[in-house]
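To keep things clear, I will list the structure first and then write my remarks on it.
The values are calculated or read from the model by the stated rules, or taken from the named source; none is laboratory data. Every value quoted in this text rests on a predicted model; they were computed, and no experiment measured them. Cβ atoms come from the backbone with ideal geometry, glycine included; neighbour counts cover every protein chain shown. Protein only, heavy atoms only, side chains kept; ligands, DNA and RNA dropped before computing areas. Shrake-Rupley method; radii C 1.70, N 1.55, O 1.52, S 1.80 Å.
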Amino acid sequence: MTDIVTRLLQHPLTKGANLDDPKTTSLRLNIIRSKPFLMKIYEEWYNLIKDQYNPDSEVLEIGSGAGFMKDYIPNLITSDLFPILGVNMVTDAQGIDISDASLDGIVMTNVLHHIPDCNLFFSEASRVIRPGGKLVMIEPWNTTWSKWVYLHLHHEQFEPSAEDWIIESSGPLSGANGALPWIIFNRDRKIFTDKYPKLKILNIKPIMPISYLLSGGISMRSFLPGGVYKPVRYLEKRLKESSWAMFAVIALSRQK
């Protein structure tokens with residue numbers, strides 16, 4: 001039944017699109033800009049990330065393709081796995097082509113849970129971020145509510161019981177485990193802190209129990225117009241977000 005509903009609600013521009021095709025990534029930006037409610041979600045996300053840095057910070061964004069974070073962080077270096085219009089460099093999060101201790105930070109939205117081997121990424125983040133810099137991301141989060149949504153209304157894998165942090169990659173976007181950020185920073189938090197002592201967890205803030213779902217995301221039609229975004233967020237924040245959240249803002253600090 002949920003498959004039928006998902007097909008009926010699918011955004012017409014995404015039907016038949018190959019997730020791993022660079023053209024699909026470019027298409028996603030057009031979809032975001034055409035959906036005012038979804039645009040406001042990204043604007044809120046980017047402001048949450050921007051506020052973690054000084055205005056003159058030199059920051060690398062991993063997986064920039066479908067986003068517009070550079071409008072919020074002027075010195076942002078955009079990157080992706082393949083050449084896309086507007087992206088400054090092509091690089092892999094598992095092997096970042098940047099000198100040691102040369103960045104004030106790394107940022108990303110909905111990227112960590114696609115990286116095949118997060119261990120390689122965290123090692124690279126520790127190398128390229130200078131002491132005092134930050135790694136800030138917004139990622140899917142695991143709650144009873146979000147687990148049901150991700151399992152029934154989303155195309156990506158969501159496996160909170162996965163034994164390790166490795167994803168069998170079928171492609172840069174099609175390979176995923178949406179529960180991976182929760183696994184690393186909640187279930188396996190001690191493992192992470194022992195393994196990467198230079199990346200101190202500053203804050204994990206669960207957010208947005210229903211906004212993204214109501215926006216339809218990138219792959220589905222929007223359920224609401226942009227004009228009701230503020231009232232929805234007002235009501236949403238009255239919920240106990242830690243129990244209902246679909247996402248989390250995760251901030252790490254590079255220690256000496």
Scope segment 38-64; condition of a type in the set (Gly, Ala, Ser) and touching a helix residue (DSSP H, G or I) at 6+ places or on another chain (Cβ under 8 Å); matching residues: GLY63, SER64
For residues that are under 19 Å from TYR46 (Cα atoms) and in a loop (DSSP other than H, G, I, E, B), scanning just segment 232-256, find the one that is most open to solvent (accessible area, probe 1.4 Å). LYS237
Condition first: open to solvent by less than 50 Å² (accessible area, probe 1.4 Å), within 20 Å of LEU180 (Cβ to Cβ), outside any helix (DSSP H, G or I) and hydrophobic (A, V, I, L, M, F, W, C). Now tell me which residues in segment 191-229 satisfy that. LEU199, ILE201, ILE204, ILE207, MET208, ILE218
Check SER146, SER99, SER126 and return the single one that is open to solvent by less than 30 Å² (accessible area, probe 1.4 Å) and closer than 19 Å to GLN255 by Cα. SER126
The lone condition GLY178 fails out of (1) touching an Asp or Glu at 6+ places or on another chain (Cβ under 6 Å); (2) under 30 Å from VAL228 (Cα atoms); (3) surrounded by fewer than 19 Cβ atoms within 10 Å (Cβ to Cβ); (4) not β-branched (Val, Ile, Thr) is (3)
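Yes/no matrix, rows are residues, columns are (1) farther than 25 Å from SER79 by Cβ; (2) touching a strand residue (DSSP E or B) at 6+ places or on another chain (Cβ under 7 Å); (3) not β-branched (Val, Ile, Thr):
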{"residue": "PRO140", "(1), (2), (3)": "no, yes, yes"}
{"residue": "HIS152", "(1), (2), (3)": "yes, no, yes"}
{"residue": "PHE192", "(1), (2), (3)": "no, no, yes"}
{"residue": "PRO209", "(1), (2), (3)": "yes, no, yes"}
{"residue": "GLY216", "(1), (2), (3)": "yes, no, yes"}
{"residue": "MET220", "(1), (2), (3)": "yes, yes, yes"}
In segment 81-100, which residues are part of a strand (DSSP E or B) and either in contact with a helix residue (DSSP H, G or I) (Cβ under 7 Å, 6 or more places away or on another chain) or within 18 Å of TYR42 (Cα to Cα) (or both)? GLY95
Do we have any residue at all in segment 164-185 that's more than 26 Å from ALA66 (Cβ to Cβ) and part of a loop (DSSP other than H, G, I, E, B)? yes
Selection within segment 109-140 - closer than 15 Å to LEU81 by Cα and β-branched (Val, Ile, Thr): THR109, VAL111, ILE115
